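Beneath this line is the structure, given in C-alpha cells, with notes to follow.
The values are calculated or read from the model by the stated rules, or taken from the named source; none is laboratory data. If you're wondering where the values come from, they're calculated on a predicted model, not measured in any experiment. In this analysis, Cβ positions are derived from the backbone assuming ideal geometry, glycine residues included, and neighbour counts consider all displayed protein chains. Surface areas here come from the heavy atoms of the whole protein model, side chains and all, with no ligands, DNA or RNA. Shrake-Rupley method; radii C 1.70, N 1.55, O 1.52, S 1.80 Å.
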Amino acid sequence: SAPGTSLISLSLMPNASQVGETDILLTLIDPQVEETNIVTSRFHVTVGPFHPPSISSIGAYGVPPGGVVGPIGFRVVSGTVPQPTLTVSAKSSDQTLVRDENIVVTPVSGTDIIYRTVTIATEPSAAYGSNATITLTASDGMTNASTSFTVHLLEPSRLLGNQSPIPI
C-alpha cells in the first residue's frame with residue numbers, strides 16, 4: 001500500500017446452515033490522525049441456499065485375509081452451487097484387519113468430481129470370519145455425510161476357487 005494508507009481485509013463466515021440476506025455497514029475510524037478520519041462503506045450479503053453433501057451406499061464384500069477389495073465405485077455430490085470442494089476420508093473399525101492407511105480413496109478431493117473409487121487391502125495375518133466396518137465420510141468443510149460397509153474375511157475355500165473379492 002502507499003505511504004499513509006493501510007490495507008484492511010474483512011472475512012465473513014455465516015452461521016452453519018443459515019440462509020438469507022442482509023446489509024452491512026462498515027465504519028473505520030483512524031484515531032491516529034489529528035482530525036479523526038472516518039470512512040464508511042455499505043454492502044449487501046446473500047448467503048445460501050446451502051445443501052450438505054451426500055454419499056452413496058456400498059454393499060458388504062467378502063475377501064480372504066491379505067486380499068484386496070476394489071476399486072469400488074461410489075458417488076459424492078452436493079446440491080450447493082457453486083459446487084464446493086468435497087473431501088472424502090476413510091476409517092476402519094478394526095485396525096488389525098484393515099489399517100486406515102490401506103484404504104485408498106481416488107480422488108480424495110475436488111469440486112467437479114462426482115464419481116470416486118475406494119480400494120481396501122486387508123491384513124494377511126487377520127483371522128477368518130472377522131469383520132471390519134469401513135466408514136467413508138464426505139465433507140464440504142462445514143458439514144459431513146457418511147456411509148459404512150462391511151469387509152468380511154472369508155476362508156479361500158468359501159470363495160469357490162475365485163480369489164477375487166465377492167459382494168455378500
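Evaluate the distance, in nm, between pseudo-label points positioned 7 Å from the Cα of Asp23 and of Glu35 along their respective Cα→Cβ axes.
Between Asp23 and Glu35, the simple spin-label model gives 2.8 nm.
Ordering Glu123, Glu21, Glu155, Glu35 from largest to smallest accessible area (1.4 angstrom probe), what's the sequence?
Correct descending sequence by accessible area is Glu35, Glu21, Glu155, Glu123.
Once the Cβ-Cβ distance between Met13 and Thr143 is put in as r, and R0 is 22 Å, what FRET efficiency do you end up with, to the nearest 0.05?
0.95
Rounded, prolate or oblate: which fits the range 15-96 when a ≥ b ≥ c are the square roots of the eigenvalues of the alpha-carbon gyration tensor, with rounded for a/c under 1.5 and prolate only if a/b beats b/c?
Cα axes put the range 15-96 in the prolate bin.
For the range 53-143, what's the relative contact order in percent, using C-alpha pairs closer than 8 Å and at least 6 residues apart?
40 percent
So how much accessible area does Ile24 have, in Å² to the nearest 10, using a 1.4 Å probe?
40 Å²
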